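Since the structure comes first, as structure tokens, the remarks are kept for the end.
Every number here is computed from the coordinates shown, using simple stated rules; none is lab data. Since this is a predicted model, take the numbers as computed values, not measurements. Here Cβ is always computed from backbone atoms with ideal geometry, including for glycine, and neighbour counts include all displayed protein chains.
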């Protein structure tokens, strides 16, 4: 296989990953690394570098569309980015000390967890936050458009969400993913922010988080231009296409199929990591 | 002059991000097309990790390679632009919060900006 054929195949794979990632809300980055490492025989460090770049492209590319709808909350996002960017730096430094096999195992476990998170039903929330909490002090409470008009919301448990965001950032920096699933978990479940606000704000944060580790990866020589080129262009095109289709149809079956793909890739990564094939 | 409401700030940021990505993707595409025309028949090998040469790791080297129109330098320059896009977004937010006289969030945003600058400092010796 020469460079031209290789690039075309990687581009097609990334296009599919970006498309399915946008359609299912799981993000394309989460399958790029296993795709490159398992199917294209790419060293996991190059795969992580290329994936990280595609994550920035997807997040920034989609932001304009989300902002227009008025869901994302700039203050919540910016405050939590302190945690995710410091976490991302920690993750990027950790990546140089952890063996590729161990990274593969951790990646596999994160894939299992992401598939689980996106498929379970969300439990109901308890009572509204008390006034005088961190969320009110930091003026995070806001409102968003719903079918029944403008609805206001209060933000709970800011320290808990902040802590989980640090974990999300570390995973992002270590594995080259957006870790949107963990970010949404922190906002939706821990901080009780409406789901729609959580997902759009998470998408907004992903690019900044990934940029914090991308500098370290670039400086360390993990980002290969020839490999990153088809990955970035493919995931970007795929996710924009997916976002267009998304407004028309959101298929439950597709989400289940994509989750099964993620589970299979996760199992293969864990197996290869444990048997030292990475 | 219009007031810098949160809504307006978010819309400007959205536009900024979109144009940053379009620009970066165009440069990557141009560099990639040039690479494949020149070296499309070479055999790629990513099995063994070697890391990039210094000229494709540091901002000055990347700019030099891009200016002399080396395909890999162009792609890397596009990727550097892409990484800079969210950083520009944060920088803009610092100014916007300062104009709103929102001290808390000016400081919050400055912290995020400092972390990003530290990271980007790794490519600018």
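This ranking places B:55, B:45, A:224 by how few other beta-carbon atoms lie within 10 Å of each, fewest first, which gives B:45, B:55, A:224. Using the Cβ-Cβ distance between residue B:88 and residue A:120 with R0 set to 35 Å, the FRET efficiency works out to roughly 0.40. If R0 equals 51 Å, the separation of the Cβ atoms of residue A:97 and residue A:152 corresponds to a calculated FRET efficiency of about 0.65.
Once the Cα-Cα distance is subtracted from the 0.36 nm per residue extended length, the residue B:103 to residue B:64 segment shows a gain of 10.1 nm. The protein assembly as shown gives an Rg/Rh value of 0.96, both radii derived from C-alpha positions and Rh following Kirkwood.
Between helix A:44-69 and chain A there is an angle of about 30 degrees, using the helix long axis and the longest principal axis of the Cα atoms.
Secondary-structure-derived ellipticity at 222 nm for the protein assembly as shown, considering helices only, amounts to -24500 deg cm²/dmol, per-run term -39500 (n - 2.57) for DSSP H runs with n ≥ 4. Counting only alpha carbon atoms, the long axis of helix A:252-274 and the longest principal axis of chain A meet at about 50°. Geometric descriptor of region B:36-125, per residue, is 120 Å³ (volume of the convex hull of the Cα atoms). Simple spin-label estimate for residue A:253 and residue B:43 gives 4.4 nm between the two label positions (7 Å along the Cα-to-Cβ direction from each Cα). In plain terms, the residue of B:106, B:72 with the fewest other Cβ atoms within 10 Å comes first and the most crowded comes last, giving B:106, B:72. Placing one equal scatterer on every Cα of region A:1-119 and applying the Debye formula, the log10 ratio I(q)/I(0) at q = 0.14, 0.20, 0.21, 0.24 Å⁻¹ is -0.73, -1.35, -1.42, -1.54. Put in line by how crowded their Cβ is, counting other Cβ atoms within 10 Å and starting with the fewest, A:107, B:77, A:204 read B:77, A:107, A:204. Using r as the Cβ-Cβ distance of residue B:34 and residue A:244, and R0 as 35 Å, what FRET efficiency do you calculate, to the nearest 0.05? Approximately 0.75, to the nearest 0.05.
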